[in-house]
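Report on one structure; see the data block that follows.
The values are calculated or read from the model by the stated rules, or taken from the named source; none is laboratory data. These numbers come from a predicted model, not from an experiment. FYI the Cβ positions are ideal-geometry reconstructions off the backbone, even for glycines, and counts take in every protein chain you see.
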Amino acid sequence: MLAFRGTNSTYNVVYNWIPGALLHDKGTRLAKSVVKELINSGIPKASLIVTGHSLGGRYAQETALCYGLRAICFNSACISIQSHLLENTSQADILHVLYKSDPLTILQDEFKTVLQQEISGDIPFGIVGKRLVLEDNDNNLPDMNFGSIHGMDLIIKNISTKLFKLEGK
């Protein structure tokens, strides 16, 4: 299993997360080169699973699409529009574990809805694959700050209490 680290600075948001929603950013290219090296070193694709949270989830999705790998992502950033247009996203073996109140998930879903309304049709934007949605539980909500809601703590807590439903394919 190869894990990609998520956003850890404002730099990541400005230079990786935002541009990466449109085109392949430097981080995506680096992630793909690492996976390519692993495959070229003899690691079978069937035994390689990629994973990541937030921005790391984008890298996991991008590498899974590019090399036909399995991916498990947590509250991940969307893949680039470039990848939606170039890759066969319908064959993706990607599972997203999403917390229903995650601000990044809400932002991306709302943005896609607004774009679709503006162009009156489907637009290639967002995450791909199946969604395992963790339901809200008022007892599990922390203080309302981005880090506490977007982090892995709520996912781990809700998986342990089995408050989820599978959506998608």
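Kindly indicate whether Gly126 is under 16 Å from Gly57 (Cβ atoms) and modelled with pLDDT under 80.
yes
State which residue pairs qualify: first residue closer than 20 Å to Lys26 by Cβ and touching a residue at least 12 places away in the same chain (Cβ under 8 Å) and inside the range 70-90, second residue part of a loop (DSSP other than H, G, I, E, B) and acidic (Asp, Glu) in any location, beta carbons under 9 Å apart, and separation of 6 or more residues or different chains.
Ile79/Glu87; Ser80/Asp25
Of all the residues that make up the range 36-52, how many are buried (at least 24 other Cβ atoms within 10 Å of the Cβ) and more than 18 Å from Asn88 (Cα to Cα)?
Selection size over the range 36-52: 1.
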